[in-house]
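Structure first, then comments.
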Amino acid sequence: MNLDETRKQIDGVDKQIIELLEERMKLVQEVIAYKKENNLPVLDNSRENIVLEKTRERVENPIFADSIVATFQDIMKNSRNFQEIELEQ
Ligand SMILES: C=C(O[C@@H]1C=C(C(=O)O)C=C[C@H]1O)C(=O)O
């Protein structure tokens with residue numbers, strides 16, 4: 001295993017993750033605009049549970065499942081933090 005080469009590959013994957021997270025956050029902006037208009041709360045527990053269940057099902061290698069589900073919990077926590085800040089504007 002070549003450390004520099006493997007880290008270059010990680011950098012490439014990180015670049016893709018960042019692009020996808022930015023795309024996700026743009027959609028979250030649409031959700032918060034809708035919630036603002038319709039007076040809906042930021043937190044939707046049932047939706048978050050569905051996202052987490054789907055995430056667990058989609059992970060191919062079970063040894064990664066807990067880490068990836070935890071990552072999605074963080075993604076949604078930060079998505080909610082962003083929405084709370086947007087609501088204050
Ligand atoms: C984006 C939403 O707001 C919150 C954040 C979610 C997310 O980032 O996926 C899911 C549910 C909500 O708690 C939503 O309601 O869809």
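The values are calculated or read from the model by the stated rules, or taken from the named source; none is laboratory data. For clarity, every value in this text was computed on a predicted model and none was experimentally measured. Please note: Cβ atoms are built from the backbone with ideal geometry, for glycine as well, and neighbour counts cover all protein chains shown. Quick note on the areas: whole protein, heavy atoms, side chains included, nothing else; ligands and nucleic acids left out. Shrake-Rupley method; radii C 1.70, N 1.55, O 1.52, S 1.80 Å.
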If R0 = 41 Å, then Ala33 and Asn2, at their Cβ-Cβ distance, give a FRET efficiency to the nearest 0.05 of 0.30
To the nearest 10 degrees, the tilt of helix 3-37 (Cα long axis) against the first principal axis of the alpha carbons of the chain is 10
Length gained, Asp66-Glu53, 0.36 nm per residue minus C-alpha separation, equals 3.5 nm
Helix 65-88 sits off the longest principal axis of the Cα atoms of the chain, rounded to the nearest 10 on a 0 to 90 degree scale, by 40
Rounded to a whole %, the carbon-and-sulfur portion of the accessible area of the chain at a 1.4 Å probe is 52
With the 1.4 Å probe rolled over protein heavy atoms, the chain has an accessible area per residue in Å² of 83
By the C-alpha gyration tensor axes a ≥ b ≥ c (rounded if a/c is under 1.5, else prolate when a/b exceeds b/c, else oblate), the shape of the chain is oblate
